[in-house]
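Okay, so here's the structure we're looking at.
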Amino acid sequence: MKIAVDCRMFGASGIGTYIKALVPFFLAKHECVLFGNTHKLAPYESNAEICECAVKPFSLKELLAFPRALRKKINSCDIYYTPYCNIPCGITIPIFSTIHDIVFLDVQGLASPGGVAARKFFYQRAINKSRALFTVSQFSASRIRKKLNCKNLPIIVTYGALSQHFSSKHSHNVQKNAQILYVGNIKKHKGLHILLAAFKKAQGRGLAAKLIIVGSTDNFRTSDMEIMQKITELPSNSVQFTGHISDQELRKLYMQSHVLVQPSLYEGFGLPPLEAMSLGTHALLSDIPVFKEIYGNFPVTFFESGNDDDLAIKMIACMNDKTPLPPLPATYTWKKSSDIILAAFSLYNSKQPVLKPMFPNRLNT
């Protein structure tokens, strides 16, 4: 089987991490054409055909005037795979695409009405063109079916997993600091406003710890002044922004922090808790359905979603808990996810329309 793989987002954001992790497993079993930034794809030149493509995802050029030579190269393959829901015009081979979550359809206020409509257009376009659709949790699969017209399209769950950088064994000799770590952006569904309110209450109850927020204050827009106001109400120097940091620096922060707090109101998967626990750091999570699905069998602590008082209580308890984490279950691996994706390619690559789902909608563990 020859697979054309869209690698334009390679290494950038969560989607870039997703495709970067999968590519080596594709190459181990199949011939591949990888297109994107040839400099980033250079490590694969010896066992893949690399094609330069500077056309931006979701651009008009992608929709209406994708380069003819590259389109011809793609259509010479057996399968077209994209780690997201953007699909160039003129692809005639079986298409497989990915929708990680539909947070912009489920959570109001994250984008303008026009932005929401544009995203819905691309989601539905991917569904209409695909032989099968991949997503990263049963929760996301259920929301996609609820909000979009999927008909009988197979929706296949391929959970995320640790990158090699975070999956290596951690040192037990790293000194834990009196600090709480938050890894995420400032969008309201990430729950940072809940964490800040809880942190203030916990300080009032004797918590002596610093809150480390991975990111920069430059990321705060005028519409996020509520967050900045909450920060100014806290004792001086009790909240620290890291600014942009490397994976190595993030790894060190995970190892040094006593607890990671993930107060999200909505996620498609949520990787930071897995990263933190792999490096010996406790995870305190909101009890939203997707976290219950992903982390229900892991040694995490849940708090009532949106309840800053419960979070404050659990935060203090976690900071006082000196018990080392037990070994983590090997539930999520990129090999498992890549095996499911490649099996779907074999099952659904017929030129004939797919009439009904025939592939399991969950990751077998």
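The values are calculated or read from the model by the stated rules, or taken from the named source; none is laboratory data. Bear in mind the structure is a predicted one, so any value in this text is a computation, not a measurement. Here Cβ is always computed from backbone atoms with ideal geometry, including for glycine, and neighbour counts include all displayed protein chains. The area values use the complete protein model at the heavy-atom level, side chains included, leaving out ligands, DNA and RNA. Shrake-Rupley method; radii C 1.70, N 1.55, O 1.52, S 1.80 Å.
Scan region 149-172 and tell me whether some residue there is of a type outside the set (Phe, Trp, Tyr), crowded, with 21+ Cβ neighbours inside 10 Å and touching a Gly at 6+ places or on another chain (Cβ under 9 Å).
Within region 149-172 (the criterion being of a type outside the set (Phe, Trp, Tyr), crowded, with 21+ Cβ neighbours inside 10 Å and touching a Gly at 6+ places or on another chain (Cβ under 9 Å)), the answer is yes, since at least one residue qualifies.
Looking at (1) part of a loop (DSSP other than H, G, I, E, B); (2) at pLDDT 95 or above, which one does Ser140 not meet, given that it meets all the others?
That leaves (1) as the condition not met.
Can you give me the ranges of the helices (runs of 4 or more DSSP H) entirely in region 1-83 with at least 2 residues that are farther than 30 Å from Asn185 by Cα and open to solvent by less than 70 Å² (accessible area, probe 1.4 Å)?
13-29, 68-75
Filter region 282-306 for residues that are in contact (Cβ under 8 Å) with a residue 24 or more places away in the chain and out of contact with any Pro (no Cβ under 9 Å at 6 or more places or on another chain) and give the result.
Ile288, Pro289, Val290, Glu293
Exactly one of (1) within 30 Å of Leu22 (Cα to Cα); (2) in contact with a helix residue (DSSP H, G or I) (Cβ under 9 Å, 6 or more places away or on another chain); (3) among the charged types (D, E, K, R) is unmet by Glu249. Its number?
(2)
With the condition kept exactly as written, say whether any residue in region 295-303 is within 25 Å of Asp101 (Cα to Cα), part of a loop (DSSP other than H, G, I, E, B), open to solvent by 30 Å² or more (accessible area, probe 1.4 Å) and among the small types (Gly, Ala, Ser).
yes
Among Ala28, Ala12, which is under 24 Å from Tyr159 (Cα atoms), at pLDDT below 95 and small (Gly, Ala, Ser)?
Ala12
Considering only residues that are aliphatic (A, V, I, L, M), touching a helix residue (DSSP H, G or I) at 6+ places or on another chain (Cβ under 9 Å) and farther than 21 Å from Ser13 by Cα, which ones fall in region 67-119?
Within region 67-119, Ile79, Ile91, Ile93, Ile95 qualify.
For region 275-285, give me each residue that is out of contact with any strand residue (DSSP E or B) (no Cβ under 6 Å at 6 or more places or on another chain) and either of a type in the set (Asp, Glu) or open to solvent by less than 10 Å² (accessible area, probe 1.4 Å) (or both).
Across region 275-285, the qualifying residues are Glu275, Leu279.
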